[in-house]
Amino acid sequence: MKKFTFEELPEAVTELYGKMEAIERLLEDNRTNLKKRKISSNHLGKEKCSTHLNKSDLAQLFYILMDEKIIFFDDRDEKHNRSEIQFFVEENFTYIGDSGFQTTIDTISKQFSESKGFTYKDKQIRFLENIISILEKRREKLICW
């Protein structure tokens, strides 16, 4: 990076400020385009169910429901069932992406594999504890109702 002299500093600051404004405009344009794309895709294509879960947690939820045989497409062929569940999630759900916007799912197979792996056991336990907490609060609401 070039070191500026005291005389060059005002011009460098002005240039930097211009670049920062350009970046802000670019980010705002992208945010607007993302919103337009979401609106137009919902009207042109099939509407999808949105979630407040990230992609990994969404995969864990469906993997657990599938693995515990709560939901299924094919209860005789495990591989086919998993493939159908993954396809169902990809086609019918969006998740909250890192940007904070709803994001379509291109593929969820990696996250399904992580849900199965013992390497991610602690992550799955935290996810289950969170879901259990939500369900317990729901039960309490019903009891107090």
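Right, Phe112: in a helix (DSSP H, G or I), at pLDDT 95 or above and under 23 Å from Lys48 (Cβ atoms) or not? For Phe112, the condition - in a helix (DSSP H, G or I), at pLDDT 95 or above and under 23 Å from Lys48 (Cβ atoms) - is not met.
For segment 14-48, give me each residue that is at pLDDT 80 or above and among the β-branched types (Val, Ile, Thr). Passing the criteria: Thr14, Ile23.
Taken together, Asp106, Asp98 contain a single residue that is loosely packed, with under 12 Cβ neighbours inside 10 Å, acidic (Asp, Glu), in contact with a helix residue (DSSP H, G or I) (Cβ under 9 Å, 6 or more places away or on another chain) and outside any helix (DSSP H, G or I), which is Asp106. Sub-7 Å Cβ pairs linking a first residue in segment 119-145 that is in contact (Cβ under 8 Å) with a residue 12 or more places away in the chain to a second residue that is assigned to a helix (DSSP H, G or I) and open to solvent by less than 90 Å² (accessible area, probe 1.4 Å), at least 6 apart or interchain, are Gln124/Gln60; Gln124/Ser115; Phe127/Asp57; Phe127/Gln60, ordered by first then second residue. Is at least one residue of segment 51-69 modelled with pLDDT of 90 or more, hydrophobic (A, V, I, L, M, F, W, C) and open to solvent by 60 Å² or more (accessible area, probe 1.4 Å)? No: segment 51-69 contains no residue that is modelled with pLDDT of 90 or more, hydrophobic (A, V, I, L, M, F, W, C) and open to solvent by 60 Å² or more (accessible area, probe 1.4 Å). You will find that of Ile131, Ile143, Ile125, the residue that is open to solvent by 100 Å² or more (accessible area, probe 1.4 Å) and part of a helix (DSSP H, G or I) is Ile143 and no other.
The values are calculated or read from the model by the stated rules, or taken from the named source; none is laboratory data. It should be emphasised that the depicted structure is a prediction, and the values quoted were computed from it without experimental measurement. A quick note on method: Cβ atoms are made from the backbone with ideal geometry, for glycine too, and the neighbour counts reach across all protein chains shown. Each accessible area value is taken on the protein alone, full model and side chains, heavy atoms only, with ligands, DNA and RNA left out. Shrake-Rupley method; radii C 1.70, N 1.55, O 1.52, S 1.80 Å.
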